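The values are calculated or read from the model by the stated rules, or taken from the named source; none is laboratory data. Small disclaimer: the values here were computed from a predicted structure and weren't measured. Cβ placement follows ideal geometry from the backbone for every residue including glycine, while neighbour counts extend to all protein chains displayed. These accessible areas exclude ligands, DNA and RNA; they are computed on the full protein's heavy atoms, side chains included. Shrake-Rupley method; radii C 1.70, N 1.55, O 1.52, S 1.80 Å.
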Amino acid sequence: MYRTIKGKQVKISTRELKATIMKANNWTAEQYRKQYDLFKNKLRAYESYKAAHLGYSLEQVKANKDLRQSPQELLYKAAKAKLKYGADYEPSEQMKRIQRFSAESITKGWKKAQDFESTYSQRRAGIFAASTQYSFKDFIEKVSKAKEIDEVIEDPVRKEEALKALADHIKAKMTPTGAIQMGETYGSDEAGDDFDFEEWLEE
C-alpha cells in the first residue's frame, strides 16, 4: 500500500500496517497473529467461492494475484476507518461478507465452493445476494439495464460483477463534473443501453 506525501507515492511498511491494525483493535502481538491467520483463511474461502462462481480454476486462483487480496491491507483499511470514525465505524459490505465465511484454506474452500447446491454454497449465496441488493438497490431501481441484469442473472456473484461493470460503463461516459456526456441520459439509462452483460451469464 502507498500514501501520498508531498505529491509522491510512498510505500507503507509492513511494520506500520501491523502497528496500525493492532492499535485500532487493541490487540497484542499474539492476538494480531491469531486474528490475522483467522481473517486470512476467511478471505481465501471468500475468494475461492467468488472464483468458482466466475468460472476460474483452482490453478488460476493460485497463480493469478489479481484474484487474491492482501489480508493485511484489508485489515489496515478497516483499522484506519475504525480509528477515524471511532464508535461510528461501520464495516464495509465486503468486510461483513468476508467475516461471515468460515476460515478455510484455498484448496479446502475451493472444494466446498464447487458444489453450488450444498448448504455451504447456498448460505454464501444468500450472503452475497443480500449484500448486492443492499449496495445496488438505488442503481437497480433507477437504471433499466441494471434492473434487467438483476432479473436475468441468478448467480449472486456473476450478478454483482455485471452490475459493477455496468456502473463503470456508465461512469466512463460521464464528464469530469459528473454529468452524463451529451446524448446520454442517466435517468432513462441511455448511457447503459449499449452495455453487453453476456460474459456474466451462466454457461
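Checking 162, 125, 130 one by one, the residue that is at pLDDT 90 or above, within 17 Å of the chain's Cα centre (by Cα) and surrounded by fewer than 17 Cβ atoms within 10 Å (Cβ to Cβ) is 130 and no other.
Given the criterion part of a helix (DSSP H, G or I), surrounded by 12 or more Cβ atoms within 10 Å (Cβ to Cβ), of a type in the set (Lys, Arg) and touching a residue at least 60 places away in the same chain (Cβ under 8 Å), identify the matching residue among 62, 18, 111, 80.
Numbers: 62 fails: touching a residue at least 60 places away in the same chain (Cβ under 8 Å); 18 fails: touching a residue at least 60 places away in the same chain (Cβ under 8 Å); 111 fails: touching a residue at least 60 places away in the same chain (Cβ under 8 Å).
After applying the criteria, what remains is 80.
In the range 133-159, the qualifying residues are those that are within 26 Å of residue 42 (Cβ to Cβ) and in a loop (DSSP other than H, G, I, E, B), and the one that is most open to solvent (accessible area, probe 1.4 Å) is 154.
Of all residues in the range 26-80, those satisfying the criterion of being at pLDDT 90 or above and among the acidic types (Asp, Glu) are 30, 37, 47, 73. Among the residues making up the range 21-36, those that are without any contact (Cβ under 8 Å) to a residue 40 or more places away in the chain and exposed (fewer than 13 other Cβ atoms within 10 Å of the Cβ) are 26, 28, 29, 30, 31, 33, 34. Put simply, of 90, 47 the only residue that is under 17 Å from the mean Cα position of the chain (by Cα), acidic (Asp, Glu) and surrounded by 13 or more Cβ atoms within 10 Å (Cβ to Cβ) is 47.
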